[in-house]
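The values are calculated or read from the model by the stated rules, or taken from the named source; none is laboratory data. What you see is a predicted model, and the numbers here were worked out from it, not measured in a lab. Cβ atoms come from the backbone with ideal geometry, glycine included; neighbour counts cover every protein chain shown. With ligands, DNA and RNA removed, areas are computed over all heavy atoms of the protein, side chains included. Shrake-Rupley method; radii C 1.70, N 1.55, O 1.52, S 1.80 Å.
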Amino acid sequence: MLEVGLKAPDFTLQDKDGNNVSLSDFKGQKVVLYFYPKDNTPGCTRQACAFAANYDAFQEKNVAVIGVSKDSVASHQKFAAKHNLPFILLSDPEITVIQAYDVWKEKKMCGKVSMGVVRSTYVIDENGVIEKVIPKVKPDTNAEEILAYLEENY
């Protein structure tokens, strides 16, 4: 995981509509950048829906919410439409950003070892500096945990 105080690596990825989105587009605004394993899986769906349910609260604080996975643009489009997700979903099929943020790790499931995205969240400040890191996020409480952090600190 990257550490608090580091400059967040800039990137450009495509959103669910095929538009290029860069982290630098959000200079002057806080960003919640969360990485998740796969669209339409139970945990990832609960996590995304929790961010959607709290989206107005993030908007009120002028905080952008961006989800990143290695799923395709088309997969993101279906995922967002199915669950009415109002925030940005970015596609990283080459896992370049996922690796830049150090969330591509060895995972063990049912005794099988494979590489995958470890569910993680970064809060990036208005100047592009990482101000909070949450490794091994719990999908059901991630959005509320970030909102509580923002309430306490701003």
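Assuming a viscosity of 0.890 mPa s and a temperature of 25 °C, what translational diffusion coefficient in µm² per second does Stokes-Einstein assign to the chain, Rh being the Kirkwood radius over Cα pairs?
Rounded to a whole number, D works out at 159 µm²/s.
For THR41, THR141, what's the largest-to-smallest order of accessible area, 1.4 Å probe?
THR141, THR41
Using a 1.4 Å probe, how large is the accessible area of ASP17, given in Å² and rounded to the nearest 10?
The accessible area comes out at roughly 90 Å².
Any idea what the dipole of the stretch 40-154 comes to, in debye rounded to 20, about its Cα centre with Lys/Arg Cβ at +1 and Asp/Glu Cβ at -1?
Charge dipole of the stretch 40-154: 760 debye, to the nearest 20.
Round to a whole angstrom and tell me the spacing of the C-alpha centers of the stretch 1-59 and the stretch 107-140.
11 Å
Express the Stokes-Einstein translational diffusion coefficient of the stretch 76-119 in µm² s⁻¹, to the nearest whole number, given a Kirkwood radius over alpha-carbon pairs, 20 °C and a viscosity of 1.002 mPa s.
D = 174 µm²/s.
Using only the heavy atoms of the protein chains and a 1.4 Å probe, how would LYS112, LYS132, LYS70 rank by accessible area, largest first?
Putting LYS112, LYS132, LYS70 in descending order of accessible area: LYS112, LYS70, LYS132.
Where the only charges are on Cβ atoms (+1 Lys, Arg; -1 Asp, Glu), what is the dipole of the stretch 61-112 about its Cα centre, to the nearest 20 debye?
With Lys and Arg at +1 and Asp and Glu at -1, about 280 debye.
Please label the shape of the stretch 43-90 as rounded, prolate or oblate, based on the square roots a ≥ b ≥ c of the eigenvalues of the alpha-carbon gyration tensor (a/c under 1.5 means rounded; beyond that, a/b larger than b/c means prolate, else oblate).
Verdict is prolate for the stretch 43-90.
Roughly how many percent of the accessible protein surface of the chain is carbon and sulfur, given a 1.4 Å probe and a whole-percent answer?
That share works out to 50 percent.
For a test of the definition: using alpha carbon positions, the gyration tensor, and the 1.5 limit on a/c, classify the stretch 94-137 as rounded, prolate or oblate.
Note, shape of the stretch 94-137 comes out oblate.
Quick one: net charge around ASP125, please, counting Lys, Arg +1 and Asp, Glu -1 for every other residue with C-beta under 13 Å from its C-beta.
Summing Lys and Arg as +1 and Asp and Glu as -1 gives +3.
Leaving out same-chain residues fewer than 8 places away, which lysines sit with a Cα under 21 Å from that of LYS78?
Qualifying lysines at Cα under 21 Å: LYS16, LYS38, LYS70.
Name the residue from VAL113, PHE11, PRO93 whose Cα lies farthest towards the positive end of the charge dipole of the stretch 1-134, charges +1 on Cβ of Lys and Arg and -1 on Cβ of Asp and Glu.
VAL113
Sorted by accessible area (1.4 Å probe), largest first, how do CYS49, CYS110, CYS44 line up?
Heavy-atom accessible area, descending, gives CYS110, CYS49, CYS44.
Aspartates and glutamates within cross-link reach of LYS132: Cα-Cα under 16 Å, excluding same-chain residues under 8 positions apart?
GLU3, ASP102, GLU144, GLU145, GLU151, GLU152
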